[in-house]
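Below: the structure, in structure tokens.
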Amino acid sequence: MDCSLIFAGDDEEIKKAQNVTTVRTIPDRDFLRLTRNCTSYRRRGYMTKPVSDEEERYPIAYVVQIYKDVVQIERLLMAIYRPQNWYCINVDLSMGEDVHLGMIAIASCFDNIVINKRGCRLG
């Protein structure tokens with residue numbers, strides 16, 4: 001993708017960019033099926049090894065509040081996930097059972113992702 005062509009209004013390059021940025025949605029409950037095979041699920045884009053020795057020596061703990069859908073959080077996790085870090089995820093109680101179940105399913109594939117199963121009320 002060539003940003004200068006996009007800025008210049010090149011229709012072909014703009015179409016390429018639109019294809020790249022098209023968001024696939026996955027129903028929240030489908031994560032129950034996707035995570036049945038954790039080895040396969042982790043191949044969806046999660047880092048499986050620390051990037052550096054320094055990163056491994058200094059793990060980070062994240063607290064994430066969910067107030068939307070599982071796909072959004074999955075994308076976030078794929079971007080920030082490292083096996084040496086910890087992820088504590090609070091799901092807004094108003095999100096419904098499918099979001100809770102989807103997040104619990106994802107967490108079941110990782111030793112370092114913890115879901116607050118009681119949930120919390122945001123706002």
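The values are calculated or read from the model by the stated rules, or taken from the named source; none is laboratory data. Keep in mind it's a predicted model, so treat the numbers as computed, not measured. Because the Cβ atoms are built from the backbone with ideal geometry, glycine has one as well, and the counts that use them run over all protein chains shown.
What's the number of the condition residue 57 fails, among (1) out of contact with any strand residue (DSSP E or B) (no Cβ under 8 Å at 6 or more places or on another chain); (2) within 17 Å of residue 113 (Cβ to Cβ); (3) not polar (S, T, N, Q)?
Against the list (1) out of contact with any strand residue (DSSP E or B) (no Cβ under 8 Å at 6 or more places or on another chain); (2) within 17 Å of residue 113 (Cβ to Cβ); (3) not polar (S, T, N, Q), residue 57 comes up short only on (2).
Select the helices (runs of 4 or more DSSP H) contained entirely in the stretch 30-97, then report the ones holding at least 1 residues which are touching a residue at least 40 places away in the same chain (Cβ under 8 Å) and exposed (fewer than 12 other Cβ atoms within 10 Å of the Cβ).
Of the helices (runs of 4 or more DSSP H) lying wholly inside the stretch 30-97, none has at least 1 residues that are touching a residue at least 40 places away in the same chain (Cβ under 8 Å) and exposed (fewer than 12 other Cβ atoms within 10 Å of the Cβ).
Could you list, in sequence order, all residues of the stretch 100-123 that are closer than 10 Å to residue 31 by Cβ and either among the basic types (Lys, Arg) or modelled with pLDDT under 90 (or both)?
none
Among the residues of the stretch 14-28, is any within 27 Å of residue 111 (Cβ to Cβ), touching a residue at least 24 places away in the same chain (Cβ under 8 Å) and not charged (D, E, K, R)?
Within the stretch 14-28, one or more residues are within 27 Å of residue 111 (Cβ to Cβ), touching a residue at least 24 places away in the same chain (Cβ under 8 Å) and not charged (D, E, K, R).
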